[in-house]
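See below for the structure under consideration.
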Amino acid sequence: MQKRVRWIGVVATSVLILGTVAVGYADHHGETQDRKAALVISVEATDQAAYLKKVSEIRAITEGLGVGATMRVWQASIAGPATGRLVVVLEFESLLAYAQGMTTMQADTGWRKVYEELSGLRMAVGTSLLEEVTP
């Protein structure tokens, strides 16, 4: 349990750091502000039905905050040992929108409460911030 709590802290800190870096990067690289950004979190859910129910709660809160993020959950179907893993994707219009959206979400007590409840239902096994480069 202690290892899981430590891992949750690492993931939360990583998300916060990614947001801070994205703001600085977007401020100094204007061309990136037009690129869409996606936060991708791969998880192993201990109880998939309960996890997805909490995801729907946090999705509703996120939409209510008006941060402009599109949230989807994918399941790996053909992925070797990762088959069955869930992948949560939050898409934003830009890196700046990502940074502002994450700041807004993390400042909301309702969002934080549900996020903490989500953390008890899964173990994050990977987190990435992607930037669209489609020509």
Legend entry - Qualifying positions in region 51-84 - touching a strand residue (DSSP E or B) at 6+ places or on another chain (Cβ under 6 Å) and free of Cβ contacts under 8 Å to residues at least 40 places away in the same chain: Arg59, Ala69, Thr70, Met71, Arg72, Val73, Trp74, Gln75
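Based on this model, can you work out whether Ile17 counts as assigned to a helix (DSSP H, G or I), in contact with a Ser or Thr (Cβ under 6 Å, 6 or more places away or on another chain) and either at pLDDT below 95 or β-branched (Val, Ile, Thr) (or both)? Walk me through it before giving the result.
Numbers: assigned to a helix (DSSP H, G or I): yes; in contact with a Ser or Thr (Cβ under 6 Å, 6 or more places away or on another chain): no; either at pLDDT below 95 or β-branched (Val, Ile, Thr) (or both): yes.
Judged against the criteria, Ile17 is not a match.
The values are calculated or read from the model by the stated rules, or taken from the named source; none is laboratory data. Please read all numbers here as calculations on a predicted model, not as lab measurements. Glycine also receives a Cβ, built like all others from the backbone with ideal geometry; neighbour counts cover every protein chain displayed.
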